[in-house]
Amino acid sequence: MKGVCMAATPRRQSVFLLCLVLPLVFGCSQKAFMVRSMKPIMQDLNAAVNQSTDVDMLRDALPAFLVQMDGFILAAPNDELLLQGAEAYFGYANAFVEDTDKQRASMLYRRALDYALATLTDDLSFSRALEGSPDAFRETLRGLGGSDVPSLFWAGNSWLAWIGLNLDRPEALMDLPKAQAMLERVVELDETYYYGSAHAALGALFASQSKALGGDPDKARRHFERAFEISGRKLLFVHVFYARFYAYQVQDRDLFVKTLQEVLDTPPGAFPDKAFANEVARRKAKALLDDVDMYF
């Protein structure tokens, strides 16, 4: 018996290793299966959030949703979950945090950026390009196609938002051309994605920069006009950005007031699929109008 116990045959070694590995494999696959089975529920939850006009309720509820999203991503990361996480963190920071706590908003935008970039960095050339020059980065972006548009959009938007809150950091200004390049690639591949919002982001960028740093009011206006055309003027954040960045930059008070008043005059149910975003835009428009004398 002693000899039998001491002798480890190849078959016994294989069985032993299998007993060690199977719980790990099935444990991971079970997590992945459970997360995948939640996909329809997550899609319905996302739709419910977008269609709600109860901004105060969502302000209180969304932190728990974000923690839940983090848990799902940790358990079974996949591109769809990562992009939902990026959108959720970006939306929460923009709607509820940026105006009152810029440091925390910066952290949230960074999480959104990291999630969006994680869907692209499986490509080693893209990972290397992130650390390279803006010209090399633009060249790498040419290799990305239509299926990469959501990743590029949420990464570019989150990056721009993070940069806007960290202009005192040299690395933020160095990153700006790459964030811009991502949104320009979105426009090249599918300018209609998310109702033309890449145009609105680029319009805000060209309007907010000085000419010495690449700002161009005429380019900004053209981007905004295209965003209005694609969205049918139904996505009210385009109006808010147009007033806040372009009308302010060209110091057109009448345009500023007229554009924001259009937001306030738009009925809450005008765009049911983006009712939440429009209600947030309505609140931001009112705050800007209340402070109009500070801008002009």
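Quick rundown of the values:
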| quantity | calculated |
| --- | --- |
| Of all residues in the range 216-254 being among the polar types (S, T, N, Q) and more than 23 Å from GLY91 (Cα to Cα), the one that is nearest to the chain's Cα centre (by Cα) | GLN249 |
| The lone exception for ASP122 - which of (1) in contact (Cβ under 8 Å) with a residue 24 or more places away in the chain; (2) within 21 Å of LEU74 (Cα to Cα) it fails | (1) |
| Verdict on ASP273 being closer than 22 Å to ALA201 by Cβ and surrounded by fewer than 18 Cβ atoms within 10 Å (Cβ to Cβ) | yes |
| Enumeration of residues in the range 77-87 that are in contact (Cβ under 8 Å) with a residue 40 or more places away in the chain and part of a helix (DSSP H, G or I) | ASP79, GLU80, LEU81, LEU83, GLN84, ALA86, GLU87 |
| Scope the range 216-236; condition surrounded by fewer than 24 Cβ atoms within 10 Å (Cβ to Cβ) and among the aromatic types (Phe, Trp, Tyr); matching residues | PHE228 |
| Selection count where residues are more than 18 Å from LYS284 (Cα to Cα) and assigned to a loop (DSSP other than H, G, I, E, B), scope the range 43-76 | 1 |
| Helices (runs of 4 or more DSSP H) enclosed by the range 186-296 - at least 3 residues per element that are within 27 Å of ALA155 (Cβ to Cβ) and outside the structural domain of GLY145 (by TED's automatic domain parsing) | 197-208, 217-231, 237-241, 275-290 |
| Tabulated pairs, the range 54-71, first under 23 Å from LEU83 (Cβ atoms), second not in a helix (DSSP H, G or I), C-beta under 7 angstrom, 6+ apart or interchain | LEU58/SER52 |
| Odd one out for GLU131 among (1) at pLDDT 95 or above; (2) closer than 30 Å to ALA76 by Cβ; (3) of a type in the set (Asp, Glu) | (1) |
| Checking ASP168 against (1) in a helix (DSSP H, G or I); (2) of a type outside the set (Gly, Ala, Ser); (3) in the same structural domain as ARG142 (by TED's automatic domain parsing), the condition it does not meet | (1) |
| The listed residue being over 26 Å from ASP99 (Cβ atoms), surrounded by fewer than 22 Cβ atoms within 10 Å (Cβ to Cβ) and either at pLDDT below 95 or of a type in the set (A, V, I, L, M, F, W, C) (or both), out of LEU152, LEU189, LEU173 | LEU189 |
| Residue within the range 255-274 that is closer than 17 Å to ASP54 by Cα, of a type in the set (Gly, Ala, Ser) and more than 20 Å from the chain's Cα centre (by Cα) present | yes |
| Qualifying position, being buried (at least 16 other Cβ atoms within 10 Å of the Cβ), within 19 Å of ALA181 (Cα to Cα) and under 24 Å from the mean Cα position of the chain (by Cα), among ALA285, ALA204 | ALA204 |
| Among (1) within 28 Å of ASN50 (Cα to Cα); (2) touching an Asp or Glu at 6+ places or on another chain (Cβ under 9 Å); (3) not assigned by TED's automatic domain parsing to the domain that holds GLY91, the one test that TRP162 misses | (3) |
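Let's see how each residue does on (1) within 25 Å of ALA281 (Cβ to Cβ); (2) touching a helix residue (DSSP H, G or I) at 6+ places or on another chain (Cβ under 7 Å):
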position: GLY132; (1), (2): no, no
position: ARG138; (1), (2): no, yes
position: ASP148; (1), (2): no, no
position: ASN157; (1), (2): yes, yes
position: ARG169; (1), (2): no, no
position: ALA172; (1), (2): no, yes
position: THR192; (1), (2): yes, yes
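The values are calculated or read from the model by the stated rules, or taken from the named source; none is laboratory data. Quick caveat, the model's predicted, so the values are computed rather than measured. Counting neighbours? That spans all protein chains shown, and the Cβs are built from the backbone with ideal geometry, glycine included.
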